[in-house]
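Quick note: the coordinates plus some simple rules give every number you see, no bench work behind them. Since the structure is predicted, the reported quantities are computational estimates derived from the model, not experimental observations. All Cβ positions, glycine included, derive from the backbone under ideal geometry; neighbour counts span all protein chains shown.
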Amino acid sequence: MDKVGIVGYYQVQPSLNLNMGRYEMIFNTVRGALDSVGLKRKDVTSVVSATNDYYDGRTISNCFTVEAGGAYLKDESKVEMDGAYAVYYGLLRALSGHHKLVLVWGGSMPSCFPYSSSTLLSTDPTFERPLEIINDLTAGGLQMRAYMNKFDVPAEDIAQVAVKNHKNAAKNTSSLPESRMPDISTETVLNSDVLSSPVTELMYSQPCDAAACILLAPEQQALKIRDDPVWITGVGYSQETYYLGDRDLSRSQSMQDAAQMAFRMAGVKDAKKEIDVAELYEHFSHEELIFAEALGFCDPGQGPSLSTEISGGIPINPSGGGMSGNAPCATGIIRLIEAIKQITGEAKGYQVKDVQRAIASGQNGFCAQTNMLFVLEGGSK
Amino acid sequence: MVRLEYIKKEYEKTRQMPGKWYLTSCRYKFNITRFQPFLSALKEKRLIGLKCRSCNTVSFPPKLVCGKCLTRPDQWVSLRETGIVATFTANYMKDETTGEANAFPVIAVRQDGADTTYLTQLNPKVKFEDVYVGMPVKIKWKDNTEGNLNDIDYYDCIDDPTQKMDSLTK
Ligand SMILES: [Zn+2]
């Protein structure tokens, strides 16, 4: 694959109730990314956005984001999924040879719509919806129980992942302030409100208002913009079945496939040795373990024994990951931004040592039905 | 009984405009001709699943398309009324008079003879604490069946032979 560089990025500070409208939030994000490298709107040749009609309260909602999203008289189009998928389409445009600078942004404001209730509308109208028992939370409960039961993993091990990520979020000034918990313990996690047994409130990525933006450019153009772009050297993407009942919820085949694809592209043979840090979008804490196993960091069911702290053997989510706040449609882009910061040494307070190669993931659907994985590398490679 | 609201936070500073989004007025069509054997069986209090001739997967509830093979399964196979709990969680319902939230088990049942699971509810009298993965369950039919999935009133627990063995050996 030809190289595509990430030349700039910006993220709006997440909040449970951002004191601005969607329009300003998007403007601040896009303007912030361009300003981060001193570029202008006219330098942008293509725009891909990630929002959701329901979240925006408008059909074909990118009609109203044209101006704020920097897309006036540009070939903008929208992905109604996590922002990581918009990055994928942005990457393809950059690789097409027809674009010099692709702007990708995603975000939403869960303070303006009932996030978990809205996921009820993702369920199947024939078999699932009439019972009104399945939304993203109950799906997460089914997934966590399936994982715990399959591999005999105690709830404490999963709470430990939440503890690590909430502690990491406390070091990250770009995290949702409410997610920063430097003194959290496994007991606090296990004793927090039950959302959908065995999932408790502190094992769930809290929906919050935010948006994020990155700028992509093909190799030669990227090097004109800056000396040290972070390169996307691999990407993989896979989808599993829609019906939860058709899937083995204790593992993630889609993440395994995505990883295989991305690692082959980037020439990664032994993920555990060759990946220095992972920023994974986990909707629930147990998903981080399921992903780590799917990525080949360890055998199935061995996730809890991995050393994933900032100073550990394979640091996962030094930024706090999904636990540092989930801004629907932005979270995948935020994971990418955090992986970039680790490579460029900008992750002040939660920097992993000597990061050359990082991975970042985005997901969509119940129990991470689909996963998108990027391999990022620094240097002039 | 109403569904618990997950939204706790209220607006503080920004002014809000109320809006309505009539999503639930949408209609969904599905192929009743191809589904007829399934619906007729339900009316007779029988269960059947659809088997893909290409990969032999038996789906229950029946799926009109096998995603793995991109084929239309057309072989109906009989299933037993029993199954096991493959995984479970809880749904919380608030009692409007007392304001108390009660946990109701939501279960994924693997019907005996099927390869997929069905997300459904247990007998509301079964306590959430008593549910476990591997628990044997059996369909409780409605008295008057009409030929749709609601004919399954709920799943009820049945004696677990493995549990009895455990207690004997203890
Ligand atoms: Zn098949």
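Values computed for the structure shown
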| read-out | value |
| --- | --- |
| Qualifying lysines (Cα of each under 28 Å from Cα of B:Lys127; at least 8 residues distant if same chain) | A:Lys150, B:Lys8, B:Lys45, B:Lys94, B:Lys138, B:Lys140, B:Lys142, B:Lys164, B:Lys170 |
| Gain on full stretching of the segment that runs from A:Glu201 to A:Ser117 - 0.36 nm per residue minus C-alpha separation | 28.7 nm |
| Point-to-point label distance, B:Arg15-B:Arg46, nm (Cα→Cβ direction, 7 Å offset) | 6.6 nm |
| Eligible aspartates and glutamates near B:Lys20 by straight Cα distance, threshold 19 Å, same-chain separation 8 or greater | A:Asp53, A:Asp56, B:Glu5, B:Glu10 |
| Spacing of the two label points (7 Å from each Cα toward its C-beta) at A:Glu178 and B:Asp74, in nm | 5.4 nm |
| Computed [θ] at 222 nm, deg cm²/dmol, chain A (DSSP H ≥ 4; -39,500 (n - 2.57); rounded to nearest 500) | -10000 deg cm²/dmol |
| All lysines inside 28 Å of A:Lys42 as judged from Cα atoms, apart from same-chain residues fewer than 8 positions distant | A:Lys3, A:Lys74, A:Lys78, A:Lys100, A:Lys224, A:Lys341 |
| 10 Å beta-carbon shell around B:Gln75, net charge (K/R +1, D/E -1) | +1 |
| Charge sum, other residues only, whose C-beta stays under 9 Å from A:Gln369's C-beta, Lys/Arg counted +1 and Asp/Glu -1 | 0 |
| Sum of side-chain charges, A:Met81 neighbourhood, beta-carbon under 15 Å (Lys, Arg +1; Asp, Glu -1) | -4 |
| Inter-label distance, nm, simple model (7 Å from Cα along the C-beta direction), A:His98/A:Gln302 | 4.7 nm |
| Per-residue HN-Hα couplings for the stretch B:115-128 [Karplus 6.51, -1.76, 1.60; θ = phi - 60°; Hz; x = Gly/Pro] | 9, 10, 10, 10, 7, 7, 10, 8, 3, x, 7, 6, 6, 4 |
| Cα-centre dipole for the stretch B:32-169 with unit charges at Cβ (Lys and Arg positive, Asp and Glu negative), debye to 20 | 780 debye |
| Phi-based couplings in Hz for the stretch A:3-15 (Karplus 6.51, -1.76, 1.60; Gly and Pro marked x) | 8, 10, x, 8, 9, x, 7, 7, 9, 6, 4, x, 8 |
| Helix-derived mean residue ellipticity, 222 nm - over chain B, DSSP H n ≥ 4, -39500 (n - 2.57), to 500 | -3500 deg cm²/dmol |
